[in-house]
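Visitor: Here you go, one structure.
The values are calculated or read from the model by the stated rules, or taken from the named source; none is laboratory data. This is a predicted model, so every value here is computed, not measured. FYI the Cβ positions are ideal-geometry reconstructions off the backbone, even for glycines, and counts take in every protein chain you see.
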Amino acid sequence: MNRFSYSKPQQVSEALQQLSDTGRFIAGGTNLLDLMKENVARPSQLVDINALPLNKIETTQAGGLRIGALVKNSTVAYHPDVERVYPLLAHAILAGASAQLRNMASTGGNLLQRTRCYYFYDVGTPCNKREPGSGCGALEGQNRIHAILGHSEQCIAVHPSDMCVALAALEATVHVSGPSGNRSIPFADFHRLPGDTPHLDTNLAPDEIITAVELPPRGFAENFAYLKLRDRASYAFALVSVAAGLELNGTSIGAARIALGGVAHKPWRCPEVEAALIGKPATEESYRMAADALLQGAVGFEHNRFKIELARRAIVRALSEAAAGVNAQ
Amino acid sequence: MTIHLEKAVSRVDGPLKVTGRALYAGEFGTADLCTGYVVNSSIAKGRILRIDTTEALKVVGVLDVLTHENRPAVASYNESYTDMDAADGKHFRPLYNDRILYSMQPVALVVAESFEAARYAASLVRVDYESEPPQADLYAQRSEAHKAPTELPPDRGDAEEAWTQAPVKVEAEYHSAAEFHNPMEMHASTVIYSTDGKLTIHDKTQGVQNSAQFISNIFGLPDGDVRVVTPFVGGAFGSGLRPQYQLVLATMAALKLKRSVRVVLSREQMFSFGHRPETLQHLKLACDQDGKLVSTIHEVMGETSSFEDFTEMVVVWSASLYQCPNVRLKYDLVPLDLYTPLDMRAPGAVLGVYALESAMDELSYAAGIDPLELRIRNFTATDPASGNNPYSSKELLECYRQGAERFGWNKRSPQPRSMKEGRQLIGYGMATGVWEAMQNPASAKAVITIDGSVVVSSATADIGTGTYTVMTQIAAECFGLPLEKVTFKLGDSTLPKAPLEGGSFTVSSVGSAVKQACEALQQQLLDQAKQDDQSPFKNFELTDVIFENGTMRIKASPQECIEITELLKQGGSPSMEALASASPKEERDNYTTATHSAVFVEVRVDEDFGTVQISRMVSAIAAGRILSLKPGRNQILGGMVWGIGMALQEEGMLDKKLARWMNHNIAEYHYPVNADIHDLDVIFVKEHDEIVNPLGAKGIGEIGIVGVAAAIANAIYHATGKRIRDLPITLDKVFQS
């Protein structure tokens, strides 16, 4: 194994101080350890953050929920407040990975998990994300699980998280700490598109740490759906997923949130499309219009063109289910 | 009446396995054990220009880096590399020279004091290549096809003409993706080096004697110097039928370093050798107005490597499964710059029968005849491919009847898209399955000791199939002993000769030898009794006596009885043993011997998304006597689950430019998880067979998977009206077509 140093600080400030340029924080390790075994990640230092006081779920003054970065995915999914107010988030988390992984994986780590692109994982092949300038193997190679939106010639990888798709739809905020203090990043600005810098997944600076994810009060608990389409019934990443939340005024739409997973380098949202739904009747026709608008400009590759139509249908179904309240308790 | 056979007996090796006391190939060791880690090539074709091991050798704990330039001497003649399951051509030789024949070919072995050091150092080995563009596209290379080196059943009649003239006909092309074995236990070899230069090897294999012979041959070691001991195998499915490269590499390192070495492949490296070949099949079937087949044309194009011709029994079934006067078969191979394909559960049959049974389903709609009825009308009690030999037994019609009844086939509405529940389209599909019931020569030794216990042994394997259990049952049955008094030993190359554990012929071959060895031992015991002139057994033969709880009795007068221990005492030895070899009896030549199945499937399809759920499946199996019900049912269930994987999920994703399998892990190489599996039902149809072997048991390792993919594809057609002729049937193929 790559030789690395290991430390386990007790405080966030300590953790920030200890982290070196070639070091990495480790929490659940469900992704980082895999990457180290595959020789994709080669940190010289692991700063184990599991002792930091970031493992609480608290109600905020604004009436939302603040989830500490170290809270396990399974703890979030089964937390009574999450189940009651943000069932969309619970459903999304439980659609991902396996029970064992969810028991280990942390909230912050989920945000920072890396793509599952075959080429990223195989050091015997080119990948601009893993090794900038080496080329993109997926562009003309195997690209079934790749992006149809927001990709670049440098990279067509997708972000694999389910949880993040729900967090995007719920307009969460990511709280981070760094050497120069604390800041908050709106969820939509947390993950990046690949552009010419596909090696950067997020806008978190290398010397910053996620401390919490905050949910605003609106949870869309009455009318929501998390729909995940994949190659088997469990333990597979999304080909396409949709997190949908609606507020209804009688038969018309009062508010809408739609985020897509499995289609881009980040959870995909179009606030304009959501705004355009307001006041529209809660009908399939409205949903189809929204789906078409969301997927405008989508471009597929040899093995994933089907995702465009699949996403269209998934959006319509998710919004229909949300409107019907089929998932509400 | 039996006491053990045909009963639901729990696995005799179960407690060892679930308590972790069963040791697998990569778990043996010695105090001085070192570990090898394989470096695989990043290119698929070309030459190694230079291997720089400087940095790797600097890692603390690294002992050596073996390459083609510094490995120990190995045989150069091709004959030395043959194995019991070899394909035509040149067996792959790891670290033989600078040539790269496929992507992820092993190019170096880093040996270190620890696994961690070896793996890290392996990442530091730098290899410079001269690369040539590889060819890995089956479709693009079609023109390079050549005839497969195998004998096919002769053509019958004029199939083309009959097809042209027939009133009802179909023609279709089917494609299936490459599949990987992915046994739970990765391939591993632990070579224990003893100071006298002898090797004890724990190798993940389906044939310990195959591995031992292979290593003796290529390293020029006397036969007695190599012993292979593998008591447990964590699944193999054919991947252990041929010695794999980690065995050769571990042996090289042990011989060079004169130390014990272990090499375990990573999950990724499990994709660096054999697989089920990608296959293209072209089918033409025709029948008359009554549904009687008049023409069968089956042409197959399978993938092979540049160095071997991999052949399997893929088209032969189309000549024998149904009565048809005009048949033409063709089987070609397309060499690609990939590793040679490798037998995988029901090799050939799963592919050939998938295409045949899909085409039969298409024909049923063309003829307007129920798919099950069409098969019944074309049933044949004799084997047309072998000059209409009778079958030794063939209860296929009972499989159809019992399977259909259990499944509720009569509730099927004939029209596609006619069954619905909410958003879900429901479809019923079925298919026939078939596999050969083979027997190979095998030997076994039976020993009875003064405490009344029996030990039987043979150099076979238990790859999770239940060999330990069923052989114990056979021997315990012979001696009328409780199972606890009988031990079966396997997985040691010094034990009596056994064939590879594969092809569903282990019970038939080794089981027959076990029975014969027990009977030979019983004969000796009877002979011992007869030494005494006053013995009541004096005028009796073996068929007149029974063995029961440590005694021998005369059937006609059971009060005449002698303790076995008494007989041993009389013989003056604490134990008595007998060795027997069983071979297929000549009578078999006049018959075709095969297992059959009827598979019924219910699918539920969400047409918007193309997602398919296999909500119910019934498999009715005719395989002679089922000697061990629990492992037996287990085998069939495993086959059914794998059939679901083959039909819906499994696909080696090849980057054709790189000639490299890209989804080389079990997160992205999908096979079914629990959530995919619903109601599976197995029926063992009674089948009496006195020809196939003395046990009347045919073997069931393969039959469970055959036909499943066709039944699923047929059910999807029935549900949706969409005929998808390309496996796996992923959701995109369903919702887009």
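Visitor: For residues that are part of a strand (DSSP E or B), crowded, with 16+ Cβ neighbours inside 10 Å and among the small types (Gly, Ala, Ser), tally how many sit in the range A:241-281.
Guide: 8
Visitor: Also, quick follow-up: With respect to A:Gly261, is the statement that it is small (Gly, Ala, Ser), over 26 Å from A:Val299 (Cβ atoms), in contact with a helix residue (DSSP H, G or I) (Cβ under 6 Å, 6 or more places away or on another chain) and touching a residue at least 40 places away in the same chain (Cβ under 8 Å) true?
Guide: no
Visitor: Right, here's the next one. Pick from A:Ser234, A:Ser286, A:Ser241, A:Ser252: which is among the small types (Gly, Ala, Ser) and under 29 Å from A:Val176 (Cα atoms)?
Guide: Answer to the check: A:Ser241.
Visitor: So which of A:Asn128, A:Asn182 is outside the structural domain of A:Leu229 (by TED's automatic domain parsing), crowded, with 24+ Cβ neighbours inside 10 Å and not charged (D, E, K, R)?
Guide: The conditions single out A:Asn128.
Visitor: To continue, here is another question. Determine which single condition B:Leu95 fails, assuming it passes every other condition in (1) of a type in the set (A, V, I, L, M, F, W, C); (2) in a loop (DSSP other than H, G, I, E, B); (3) more than 14 Å from every other protein chain (Cβ to nearest Cβ); (4) closer than 28 Å to B:Tyr331 by Cα.
Guide: Unmet condition: (4).
Visitor: Run down B:Lys686, B:Lys733, B:Lys722 and say which single residue is closer than 23 Å to A:Glu302 by Cα and part of a loop (DSSP other than H, G, I, E, B).
Guide: Sole residue among the options that is closer than 23 Å to A:Glu302 by Cα and part of a loop (DSSP other than H, G, I, E, B): B:Lys722.
Visitor: Next up: State whether one or more residues within the range B:411-419 are in a helix (DSSP H, G or I) and assigned by TED's automatic domain parsing to the domain that holds B:Gly721.
Guide: Yes, the range B:411-419 has at least one match.
Visitor: Residues that are among the charged types (D, E, K, R) and surrounded by fewer than 17 Cβ atoms within 10 Å (Cβ to Cβ), at least 1 per element: which strands (runs of 3 or more DSSP E) completely within the range A:37-115 meet that?
Guide: Fully inside the range A:37-115 and qualifying: A:45-48, A:57-59.
Visitor: Go through the range A:288-310 residue by residue and tally those that are under 22 Å from A:Tyr118 (Cα atoms) and within 12 Å of chain B (Cβ to nearest Cβ).
Guide: Counting residues in the range A:288-310 that are under 22 Å from A:Tyr118 (Cα atoms) and within 12 Å of chain B (Cβ to nearest Cβ) gives 9.
Visitor: Give B:Gln528, B:Gln534 a once-over and let me know the one that is over 25 Å from B:Val510 (Cβ atoms), assigned by TED's automatic domain parsing to the domain that holds B:Val486 and more than 45 Å from the chain's Cα centre (by Cα).
Guide: Going through B:Gln528, B:Gln534 in turn, just one is over 25 Å from B:Val510 (Cβ atoms), assigned by TED's automatic domain parsing to the domain that holds B:Val486 and more than 45 Å from the chain's Cα centre (by Cα): B:Gln534.
Visitor: Checking the conditions here, which among B:Ile666, B:Ile644, B:Ile705 is of a type outside the set (D, E, K, R), more than 14 Å from every other protein chain (Cβ to nearest Cβ) and under 21 Å from the mean Cα position of the chain (by Cα)?
Guide: B:Ile705
Visitor: Can I ask one more? For B:Ala117, work out the one condition from (1) in a loop (DSSP other than H, G, I, E, B); (2) under 22 Å from B:Arg262 (Cβ atoms) it doesn't fulfil.
Guide: Failing condition for B:Ala117: (1).
Visitor: Could you check the range B:247-350 for strands (runs of 3 or more DSSP E) lying wholly inside it with 2 or more residues that are charged (D, E, K, R)?
Guide: Output list reads B:293-304, B:327-335.
Visitor: Can I ask one more? Count, please, the residues in the range A:104-118 that happen to be closer than 26 Å to B:Phe271 by Cβ, of a type in the set (Ser, Thr, Tyr) and more than 7 Å from every other protein chain (Cβ to nearest Cβ).
Guide: Selection size over the range A:104-118: 1.
Visitor: In the range B:586-608, how many residues are under 24 Å from the mean Cα position of the chain (by Cα) and not in a helix (DSSP H, G or I)?
Guide: Final tally of qualifying residues: 11.
Visitor: Sticking with this one: Does the range B:534-557 contain at least one residue that is in contact (Cβ under 8 Å) with a residue 24 or more places away in the chain and part of a helix (DSSP H, G or I)?
Guide: There is no residue in the range B:534-557 that is in contact (Cβ under 8 Å) with a residue 24 or more places away in the chain and part of a helix (DSSP H, G or I).
Visitor: From the list A:Leu215, A:Leu204, exactly one residue is buried (at least 24 other Cβ atoms within 10 Å of the Cβ), away from every other protein chain (no Cβ under 14 Å) and not hydroxyl-bearing (Ser, Thr, Tyr). Which is it?
Guide: A:Leu215
Visitor: Restricting the range A:17-28 to residues that are touching a residue at least 40 places away in the same chain (Cβ under 8 Å) and either surrounded by 18 or more Cβ atoms within 10 Å (Cβ to Cβ) or assigned to a strand (DSSP E or B) (or both), which is nearest to the other protein chains (Cβ to nearest Cβ)?
Guide: The qualifying residue nearest to the other protein chains (Cβ to nearest Cβ) is A:Gly28.
Visitor: Going through the range B:98-108 one residue at a time, which ones are hydrophobic (A, V, I, L, M, F, W, C), part of a loop (DSSP other than H, G, I, E, B) and within 14 Å of chain A (Cβ to nearest Cβ)?
Guide: Once the filter is applied, which keeps residues that are hydrophobic (A, V, I, L, M, F, W, C), part of a loop (DSSP other than H, G, I, E, B) and within 14 Å of chain A (Cβ to nearest Cβ), the range B:98-108 yields only B:Met104.
Visitor: In addition: Checking B:Val599 against (1) touching a Gly at 6+ places or on another chain (Cβ under 9 Å); (2) not assigned by TED's automatic domain parsing to the domain that holds B:Gly707, which test does it fail?
Guide: (2)
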